[in-house]
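Heads up: the structure comes next, in structure tokens.
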Amino acid sequence: QVQLVESGGGLVQAGGSLGLSCAASGSIFSINDMGWYRQAPGKQRELVANITSGGSTNYADSVKGRFTISKGVGANTVYLQMNSLKPEDTAVYYCNVHWRTFTDPRYLEVWGQGTLVTVSS
């Protein structure tokens with residue numbers, strides 16, 4: 001099994017910055033990609049950003065130029081640096097990882113427990 005431990009988040013004023021981190025541990029042979037999703041009250045969960053094992057990144061249009069996703073060096077960790085935050089960024093942010101074991105070639109998906117980001121106006 002794989003566990004994700006998220007940290008960061010909290011309350012910040014509009015225009016401020018926050019950072020999120022997510023560390024994956026367990027019987028991981030390899031990771032295909034790691035990313036962050038968010039879900040605001042009454043809305044569907046949406047992709048914020050993800051990064052592949054090769055370093056390719058993908059961002060939601062709403063966060064381009066403000067958020068940066070990156071991987072930790074030598075560890076199964078992903079970071080999300082959020083700058084110029086807006087009230088509409090308020091949501092629960094979830095870490096998402098696609099990984100595989102040593103014996104099964106299929107990639108599996110695991111989610112973090114979520115961390116709340118609140119941006120006040």
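The values are calculated or read from the model by the stated rules, or taken from the named source; none is laboratory data. If you're wondering where the values come from, they're calculated on a predicted model, not measured in any experiment. Positions of Cβ are backbone-derived with ideal geometry, glycine not excepted, and every protein chain shown enters the neighbour counts. Areas reflect the complete protein model, heavy atoms only, side chains present, ligands, DNA and RNA absent. Shrake-Rupley method; radii C 1.70, N 1.55, O 1.52, S 1.80 Å.
Descriptive notes on the structure:
- Taken over the stretch 31-48, the residue count meeting the criterion of being more than 25 Å from residue 105 (Cα to Cα), surrounded by 15 or more Cβ atoms within 10 Å (Cβ to Cβ) and either of a type in the set (A, V, I, L, M, F, W, C) or in contact with a helix residue (DSSP H, G or I) (Cβ under 9 Å, 6 or more places away or on another chain) (or both) is 2.
- For the stretch 13-25, filtered to residues that are in a strand (DSSP E or B) and in contact (Cβ under 8 Å) with a residue 60 or more places away in the chain, the residue that is farthest from residue 117 (Cα to Cα) is 24.
- In the stretch 101-121, the residues that are open to solvent by 50 Å² or more (accessible area, probe 1.4 Å) and either under 19 Å from residue 7 (Cα atoms) or assigned to a strand (DSSP E or B) (or both): 108, 109, 111, 113, 116
- Any chance residue 97 is over 25 Å from residue 12 (Cα atoms), hydrophobic (A, V, I, L, M, F, W, C) and not in a loop (DSSP other than H, G, I, E, B): yes
- Total residues in the stretch 51-90 satisfying the condition of being of a type in the set (Lys, Arg), surrounded by 13 or more Cβ atoms within 10 Å (Cβ to Cβ) and farther than 25 Å from residue 26 by Cβ: the figure is 2.
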